[in-house]
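All remarks here apply to the structure that follows.
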Amino acid sequence: MREALHAFDQERLVEATERALEQGYSPQDLLEGLTEGLREVGDRFEKGELFLAELVAAGEAAKKVIAEYLKPMLEGGGEGEPLGHIVIGTVAGDIHDIGKGIVGMMLFTAGFEVKDLGVDVPAEMFVQAVREEKPDVIAMSALLTTTLPMQRETIEALEKSGLRNTVKVIVGGSPVTSEWADEIGADGYAEDAVGAVKLVKEILGIRE
Ligand code: B12
């Protein structure tokens, strides 16, 4: 799967996914593998080794496999009451959604109900979702240094609306650090999707 991602080869990625599933790998295993592969592809793009079109092709291939193979297998997996309710979204001005999608799916598989607000989500939309859905946690993704401040603005908007103490806020995305999370008054930060599940369980006091 990793090789197929590096070759931006959608057909090969689909074949590799089918083979891995036949061999008994779980969708979670494959999500972790895809995350790692995408990160490597991202690093190569940053070093100038790849063109934007190649990056987009790798991203699209990963999204297809997630949407058509992994997501359907993960859906319906949760039994009984959800462990908690999460609202997730990518902040205003930012359309990166692959990592956010993986975080949402991992949380869902871990037993949480997840409402995905999509990308380019303004602060007011997060506030409205908190008012209407009463989630336990909101999770904000930002991939651009220029959109990082939107995480702060969203927290400020929650404070202004008087809802901040009704919900935990977690932040993530490649430019986010735990120092940034502290500075803007978030309740937590995780580096990746596996960490996000651990973090949410920790801040909600759910024992493994
Ligand atoms: C794929 C990609 C794109 C794709 C996005 C496709 C899509 N549907 O998402 C496309 C080609 C559209 C794109 C566009 C742009 N991109 Co871009 N993109 C990337 C790239 C290479 C990989 C991102 C990715 O999907 N990684 C794989 C996923 C799995 O990782 P992830 O997103 O980091 O998510 C993981 C963790 O961060 C974490 N996480 C993520 N969200 C959250 C949330 C919470 C709450 C938690 C706890 C954890 C968490 O868990 C995830 C899973 O493990 C990055 C490089 C990089 N290093 O990030 C550049 C990058 C982010 N892009 C960049 C830029 C500049 C842009 C553009 C402005 C380019 C342009 N000139 O048009 C536009 C921006 C458009 C916009 N307004 O948003 C820059 C940002 C630079 C900066 N410092 O701000 C980067 C860093 C590349 C670079 N070095 O130049 N991009």
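The values are calculated or read from the model by the stated rules, or taken from the named source; none is laboratory data. Since we're looking at a predicted model, the values are computed, not measured. Cβ atoms come from the backbone with ideal geometry, glycine included; neighbour counts cover every protein chain shown.
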* Asked: In segment 24-74, which helices (runs of 4 or more DSSP H) lie fully inside it and hold 3 or more residues that are surrounded by 13 or more Cβ atoms within 10 Å (Cβ to Cβ) and within 9 Å of the ligand (Cβ to nearest atom)?
  -> 27-46, 52-65
* Structure fact -> Inside segment 184-208, the number of residues satisfying the requirement of being in contact (Cβ under 8 Å) with a residue 12 or more places away in the chain and away from the ligand (no atom under 14 Å from the Cβ) is 2
* Asked: What number of residues within segment 150-166 satisfy the criterion of being closer than 19 Å to PRO135 by Cα and within 13 Å of the ligand (Cβ to nearest atom)?
  -> 3
* To do: Mind telling me which of the residues VAL119, VAL171 ends up being over 20 Å from PRO27 (Cβ atoms), touching a helix residue (DSSP H, G or I) at 6+ places or on another chain (Cβ under 6 Å), among the β-branched types (Val, Ile, Thr) and not in a helix (DSSP H, G or I)?
  => VAL171
* Asked: Regarding THR146, is this residue in a helix (DSSP H, G or I), within 13 Å of the ligand (Cβ to nearest atom) and more than 24 Å from ASP29 (Cα to Cα)?
  -> no
* Taking segment 87-106 on its own, how many of its residues are among the aliphatic types (A, V, I, L, M), under 23 Å from VAL65 (Cβ atoms) and either in a strand (DSSP E or B) or near the ligand (Cβ under 9 Å from one of its atoms) (or both)? -> 6
* To do: Taking the options GLY172, GLY84, GLY89, GLY162, name whichever one is more than 29 Å from GLU36 (Cβ to Cβ) and either in the same structural domain as GLY37 (by TED's automatic domain parsing) or of a type in the set (Gly, Ala, Ser) (or both).
  => GLY162
